[in-house]
1. Does the range 49-144 come out rounded, prolate or oblate, given a ≥ b ≥ c as the square roots of the eigenvalues of its C-alpha gyration tensor, rounded meaning a/c under 1.5 and, failing that, prolate meaning a/b above b/c?
2. Quick check: residue separation of residue 116 and residue 61 times 0.36 nm, minus the Cα distance between them. What number comes out in nm?
3. Semi-axes of the equivalent ellipsoid for the range 61-200, please: Cα gyration tensor eigenvalues, times 5, square-rooted, ordered largest first, whole Å.
4. Between residue 88 and residue 50, take the C-beta separation as r, use R0 = 25 Å, and let me know the FRET efficiency to the nearest 0.05.
5. For the range 175-186, just list the computed ³J(HN,Hα) in residue order, Karplus coefficients 6.51, -1.76 and 1.60, θ = phi - 60°, integers in Hz, with x standing in for Gly and Pro.
6. Once fully extended, how much extra length lies between residue 219 and residue 158, figured as 0.36 nm per residue of separation less the alpha-carbon to alpha-carbon distance?
7. Starting from the 7 Å offset along Cα-to-Cβ, what nm value, one decimal, do you get for the label separation of residue 124 and residue 42?
8. Take residue 244 and residue 206, extend 7 Å from each Cα along the Cα→Cβ direction, and tell me the distance between the two endpoints in nm.
Amino acid sequence: MEATSSSGLHSLLVPQTVSASQTAGKKYKYFPDRELKVTAKFENVVMPEKHRLPIMPKTPNIWQTGGVIRPPRQSKELWRMKGEERVHTDLQLNQFGIVAINGGMLRHPHFEMMRMNIGRQLDKDQSFAIYRVDAPYKPITNHGVGKRMGGGKGSIKEYGTPVKAGRVIVEIGGKVMWEEVQPWLSSVASKLPFNALAVNPKMLENLRSGERRLLETNQNPISFEWLIRNNINDCQRQLSPYDKVWFGKFAYLDRHLNKKWQWVTKSRYVGKW
């Protein structure tokens, strides 16, 4: 009896590990209507050497050496921010990220904002982040304050990265869940210079399936695309080249109103056609 009691006491002192499968189906003590669910396993997660976002240079490296060639000054080229992104629209890590809803220009302060806010929430052994956009490369010129009109092209003030609608800006990976990433990822998306959205793979698939559903269930054969392709009443003479490519979806002159999936989410359009 003494040996049995000593072995029982020893088993109580040693901590017992309870697997997640043993808690599945059981109830909370104070919330009997809720069941304990087994957390999903994180598979195919390889942590990189550096889990934080890198520091983006203000000036492209090719112009930092101070060579003989002066950095060229370009035009605005607003076409780089118009239309829909066709390549970088999927999540490579298949986890979480931020997607641009309309076009805009990312500047160096925006990269620093993302680096500091996202890096503050990352855990070294659990999560990491990567950029899906290039470093600032587009020269932005300015004449300065109080200058007279004329005088040629202004000097380069800073550099930026043009972004189109649907472009993935940054991705979050690792051993994290959507419920813990979504609050601070949405906060970062709200501070960008254009409308952005924190998404996961399921949300992207729902948005694209909504687009396909609207196209398949459309019963009106006379669409805006059909009118342009057939040049009804010589309408192509009055349309811009962007209308002939995007058929009215991403051809707004004001890029702040160039919202992706606006016709899917049925949000109210503010402005003029």
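Readers should treat all values here as calculations from the given coordinates under stated rules, not as data from a laboratory. Predicted, not measured: the structure shown is a model, and the values here were computed from it. Every residue, glycine among them, receives a Cβ derived from its backbone with ideal geometry; neighbour counts consider all protein chains shown.
1. Values: a/c = 2.32, a/b = 1.44, b/c = 1.61.
Oblate shape, in that a/c is at least 1.5 and b/c is the bigger or equal ratio.
2. In short, 17.6 nm is gained.
3. Values: eigenvalues 214, 54, 39 Å².
Ellipsoid semi-axes (Å, largest first): 33, 16, 14.
4. Values: r = 22 Å, r/R0 = 0.86.
Efficiency, rounded to the nearest 0.05: 0.70.
5. 8, 10, 10, 5, 5, 8, 8, 4, x, 7, 6, 5
6. On the way: separation 61, 0.36 × 61 = 21.96 nm, distance 4.95 nm.
Residue separation times 0.36 nm, minus the Cα-Cα distance, leaves 17.0 nm.
7. Placing both labels 7 Å beyond Cα along the Cβ direction yields 1.5 nm.
8. 3.9 nm
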